[in-house]
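Here the structure comes first, spelled out in structure tokens, and everything after it is commentary.
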């Protein structure tokens, strides 16, 4: 069912409920008022009958004639009964034929009563007089009142059904007006394909929910376009980077097999093949790590990591490499509470990211020392890696974290251009951020900032 029709039906149903209760209130209030008014008229009629029978000797002729005239005009169709209470048994036997027992008891006890017998409305009057005590009963059918109620019911039903139809079509019209922007959005969304992700939805300058929806969809399209561009660049660059070492390996193999060669020549060829295979292996591992970092890893896989202990593991790693004596670790004056130096994450991934950053610092700084400093800074863990290498051109800093990007002054150095992109993703996955400050020819400083567990606990408790 279309939302437009659903809104119209719901709106019509709510209106129907309101109309039903309003109509019932009007009908029953009118019926109550009509009955009370008729009872009042019956009571007046009863007193006129009493005057007619028992007040003639006490009134002047002119007054009595006026009473008689008024009596004849007042409810001429009314049926009247006048009984003398001198013989209670006779009165009770007479009344038992037309009146319930409880009504008779009230009358004989001196009360005036109002009651209904089928469609008839009845009034019983207990009337003491100097001639004796009498019971006067007047009954009549309020034909005019019944007719009025029937007409009122017809009018209310007509208004109800007419209003329902009217409200439904009005609801359809306004629902169409209100939802027309949604139709416009759907129409434009259907036009957007992978080939034209630059298209955006118009009409996002308002302050209502539909404008907010349009803005959210446009932001989603921005993210999709960015993801598609990254994917295209990644595939293009990955295929190119993987192709180069494979081409070199196949070329060297083909040359080596083209004729018989000396053992020295075979060794040279095999060394070239091994170097390219090693390059291909490094590139493949980096690509796999980059793909792994793209996954949303659940909290169940996270563990508590002490960053100072992780740095000692990294130091042990580099102690087994050619960069053993080039790293200077500054890990002193740290807080005693391990929570100030701990984060939640995945140890191997974070270790890979920091190793990549330190390895870059070593690679691009020749034989210069690389300083690595760890400190606690107001609830944050600050890790700094400083080198005195070739630096990075300032106009290329914004492209550092793109896969396969390499600075223009780094082409002569061995690398795949994946390390920084991989490190950035892993650091962000662990709630941290990386800031580069660099001067071409003088060196680079990398600052990594994590939120310590103590700071997270404080923010949650606040």
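The values are calculated or read from the model by the stated rules, or taken from the named source; none is laboratory data. Keep in mind the model is a prediction, meaning the values are calculated, not measured. Here the Cβ positions follow ideal geometry from the backbone for every residue, glycine too, while neighbour counts run over all protein chains shown.
Residue by residue, here is whether (1) in contact with a strand residue (DSSP E or B) (Cβ under 9 Å, 6 or more places away or on another chain); (2) modelled with pLDDT under 85; (3) assigned by TED's automatic domain parsing to the domain that holds residue 451 holds:
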residue	(1), (2), (3)
302	yes, yes, yes
321	no, yes, yes
336	no, yes, yes
342	yes, no, yes
349	no, yes, yes
368	yes, no, yes
373	yes, no, yes
382	yes, no, yes
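Spot the failing condition for residue 201; the list is (1) free of Cβ contacts under 8 Å to residues at least 60 places away in the same chain; (2) assigned to a helix (DSSP H, G or I), and only one is missed. The number of the failed condition is (2). Of all the residues in the stretch 86-97, those that are surrounded by 14 or more Cβ atoms within 10 Å (Cβ to Cβ) and without any contact (Cβ under 8 Å) to a residue 24 or more places away in the chain number 2. Yes or no: the stretch 264-271 includes at least one residue that is modelled with pLDDT under 80, within 29 Å of residue 355 (Cβ to Cβ) and either touching a strand residue (DSSP E or B) at 6+ places or on another chain (Cβ under 9 Å) or not assigned by TED's automatic domain parsing to the domain that holds residue 348 (or both). No, the stretch 264-271 contains no residue that is modelled with pLDDT under 80, within 29 Å of residue 355 (Cβ to Cβ) and either touching a strand residue (DSSP E or B) at 6+ places or on another chain (Cβ under 9 Å) or not assigned by TED's automatic domain parsing to the domain that holds residue 348 (or both).
Here is a yes/no grid of residues against (1) in contact with a helix residue (DSSP H, G or I) (Cβ under 9 Å, 6 or more places away or on another chain); (2) part of a strand (DSSP E or B); (3) assigned by TED's automatic domain parsing to the domain that holds residue 36; (4) modelled with pLDDT under 75:
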{"position": "62", "(1), (2), (3), (4)": "no, no, yes, yes"}
{"position": "68", "(1), (2), (3), (4)": "yes, no, yes, yes"}
{"position": "99", "(1), (2), (3), (4)": "yes, no, no, no"}
{"position": "106", "(1), (2), (3), (4)": "no, no, no, no"}
{"position": "116", "(1), (2), (3), (4)": "yes, yes, no, no"}
{"position": "123", "(1), (2), (3), (4)": "yes, yes, no, no"}
{"position": "128", "(1), (2), (3), (4)": "no, yes, no, no"}
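Among the residues making up the stretch 318-333, a single one is assigned to a helix (DSSP H, G or I) and either surrounded by 16 or more Cβ atoms within 10 Å (Cβ to Cβ) or in contact (Cβ under 8 Å) with a residue 40 or more places away in the chain (or both): 318. Scanning the stretch 243-263 for residues that are modelled with pLDDT of 80 or more and either outside the structural domain of residue 281 (by TED's automatic domain parsing) or in contact with a helix residue (DSSP H, G or I) (Cβ under 6 Å, 6 or more places away or on another chain) (or both) turns up 249, 252, 256.
Given the structure, is residue 143 over 30 Å from residue 229 (Cβ atoms), surrounded by 10 or more Cβ atoms within 10 Å (Cβ to Cβ) and not assigned by TED's automatic domain parsing to the domain that holds residue 76? Don't jump to the end; show me each part of the working.
Working: over 30 Å from residue 229 (Cβ atoms): yes; surrounded by 10 or more Cβ atoms within 10 Å (Cβ to Cβ): yes; not assigned by TED's automatic domain parsing to the domain that holds residue 76: no.
Spelling it out, it is not the case that residue 143 is over 30 Å from residue 229 (Cβ atoms), surrounded by 10 or more Cβ atoms within 10 Å (Cβ to Cβ) and not assigned by TED's automatic domain parsing to the domain that holds residue 76.
Right, residue 336: more than 16 Å from residue 431 (Cα to Cα), free of Cβ contacts under 8 Å to residues at least 60 places away in the same chain and assigned to a strand (DSSP E or B) or not? Write out each step before concluding.
Working: more than 16 Å from residue 431 (Cα to Cα): yes; free of Cβ contacts under 8 Å to residues at least 60 places away in the same chain: yes; assigned to a strand (DSSP E or B): no.
So residue 336 does not fit the description; no.
Take residue 135 and tell me if it is without any contact (Cβ under 8 Å) to a residue 60 or more places away in the chain, at negative phi and surrounded by 15 or more Cβ atoms within 10 Å (Cβ to Cβ).
Details: without any contact (Cβ under 8 Å) to a residue 60 or more places away in the chain: yes; at negative phi: yes; surrounded by 15 or more Cβ atoms within 10 Å (Cβ to Cβ): yes.
Against the criterion (without any contact (Cβ under 8 Å) to a residue 60 or more places away in the chain, at negative phi and surrounded by 15 or more Cβ atoms within 10 Å (Cβ to Cβ)), residue 135 qualifies.
Candidates 441, 417: the one that is in a loop (DSSP other than H, G, I, E, B), at pLDDT below 85, in the same structural domain as residue 330 (by TED's automatic domain parsing) and farther than 30 Å from residue 245 by Cβ is 441.
Let's see how each residue does on (1) in contact (Cβ under 8 Å) with a residue 60 or more places away in the chain; (2) within 23 Å of residue 428 (Cβ to Cβ); (3) not in a loop (DSSP other than H, G, I, E, B):
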{"site": "340", "(1), (2), (3)": "yes, yes, yes"}
{"site": "344", "(1), (2), (3)": "yes, yes, yes"}
{"site": "352", "(1), (2), (3)": "yes, yes, yes"}
{"site": "357", "(1), (2), (3)": "yes, yes, yes"}
{"site": "366", "(1), (2), (3)": "no, no, no"}
{"site": "371", "(1), (2), (3)": "no, no, yes"}
{"site": "374", "(1), (2), (3)": "yes, yes, yes"}
{"site": "381", "(1), (2), (3)": "yes, yes, yes"}
{"site": "392", "(1), (2), (3)": "no, yes, no"}
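There is at least one residue in the stretch 135-145 that is in a loop (DSSP other than H, G, I, E, B) and touching a helix residue (DSSP H, G or I) at 6+ places or on another chain (Cβ under 6 Å).
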